[in-house]
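Asks: Provided herewith is a single structure, encoded as structure tokens, for subsequent inquiry.
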Amino acid sequence: MADKPSLYTGELKDTPLGNLWLAISDQGLAAINWSKSQAEFEAYLVKHFKRPVEYKPKMTAQAASEIREYLAGKRRHFTLLIDWMILRPFQQAVLRATYEIPYGETRTYKEIAEQIHRPRAARAVGRAEATNPMPLVIPCHRVIGTDGKLHGYGLGEGLKTKEWLLKLEGALIA
């Protein structure tokens, strides 16, 4: 772990979703998490990314600012760099397709599977979305079931949060 570059963390307090923890690598955004404490978030980062972690809120200031603007309805597009290399190849393909979903629109798990040329992998797409380390910025809340309903969401209060985010964006929900 000592030879891997650090992740830098900071906290975004008092958002409509509660307090969020952010992690940035030298390559860009690495994680957004709803951990209860700094220790819990850092343990998550070490377990999942096997890198040293340093608390440096100044490194996460731009991400915090953009996320706060988004949650206030004042930002529709993020300008943050994303560290795509922290993701496994399949998850990277899924989340890159998810990242391209425009503000206020939705796609189904099946549509994402077809877009990445894995038409029978809708369930695997769901798993990749469920383990998205950068929700909000990589908008997995915009991915819904083929039945038009909301299925699963790990940030905040789950489906209630997913619905809130879609309403914030003006997306139609069945």
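Asks: Return only the number of the condition from (1) at pLDDT 95 or above; (2) under 21 Å from Y153 (Cα atoms) that S37 does not satisfy.
Replies: Evaluating S37 over (1) at pLDDT 95 or above; (2) under 21 Å from Y153 (Cα atoms) leaves (1) as the failure.
Asks: Within segment 99-114, can you find the residues that are in contact with a helix residue (DSSP H, G or I) (Cβ under 6 Å, 6 or more places away or on another chain) and closer than 24 Å to L168 by Cβ?
Replies: Taking segment 99-114 first, the residues in contact with a helix residue (DSSP H, G or I) (Cβ under 6 Å, 6 or more places away or on another chain) are 101, 106, 109-110, 112-113.
Residues satisfying the conditions are I101, T106, Y109, I112.
Asks: Name the single residue that is surrounded by the most Cβ atoms within 10 Å (Cβ to Cβ) among those in segment 128-154 being modelled with pLDDT of 95 or more and of a type in the set (D, E, K, R).
Replies: Across segment 128-154, the extreme among qualifying residues is E129.
Asks: Given (1) at pLDDT 95 or above; (2) touching a Gly at 6+ places or on another chain (Cβ under 9 Å), identify the lone condition not met by R118.
Replies: (2)
Asks: Could you look through segment 27-71, keep only residues that are without any contact (Cβ under 8 Å) to a residue 24 or more places away in the chain and part of a loop (DSSP other than H, G, I, E, B), and pick out the one that is nearest to H141 (Cα to Cα)?
Replies: S35
Asks: Failed condition for D83, given (1) at pLDDT below 95; (2) under 21 Å from S35 (Cα atoms); (3) charged (D, E, K, R), with all others met?
Replies: The number of the failed condition is (1).
Asks: Next question, about the same structure. For segment 76-113, enumerate the residues that are surrounded by 15 or more Cβ atoms within 10 Å (Cβ to Cβ), closer than 16 Å to L166 by Cβ and of a type in the set (K, R).
Replies: Listed by number, the list holds a single entry, R107.
Asks: Working carefully through the options P5, P57, find the one that is modelled with pLDDT under 95 and not hydrophobic (A, V, I, L, M, F, W, C). Don't jump to the end; show me each part of the working.
Replies: On the way: P57 fails: modelled with pLDDT under 95.
Every option except P5 fails the conditions.
Asks: Further question on the same structure: If L159 passes every condition in (1) exposed (fewer than 15 other Cβ atoms within 10 Å of the Cβ); (2) in contact with an Asp or Glu (Cβ under 9 Å, 6 or more places away or on another chain) but one, which one does it miss?
Replies: Failing condition for L159: (2).
Asks: Sticking with this one: Looking at (1) free of Cβ contacts under 8 Å to residues at least 40 places away in the same chain; (2) farther than 22 Å from L159 by Cα, find the lone condition where N19 falls short.
Replies: (2)
The values are calculated or read from the model by the stated rules, or taken from the named source; none is laboratory data. From a predicted model like this one, the values you see are computed outputs, not experimental measurements. Note that each Cβ is placed from the backbone with ideal geometry, even for glycine, and that neighbours are counted across all protein chains shown.
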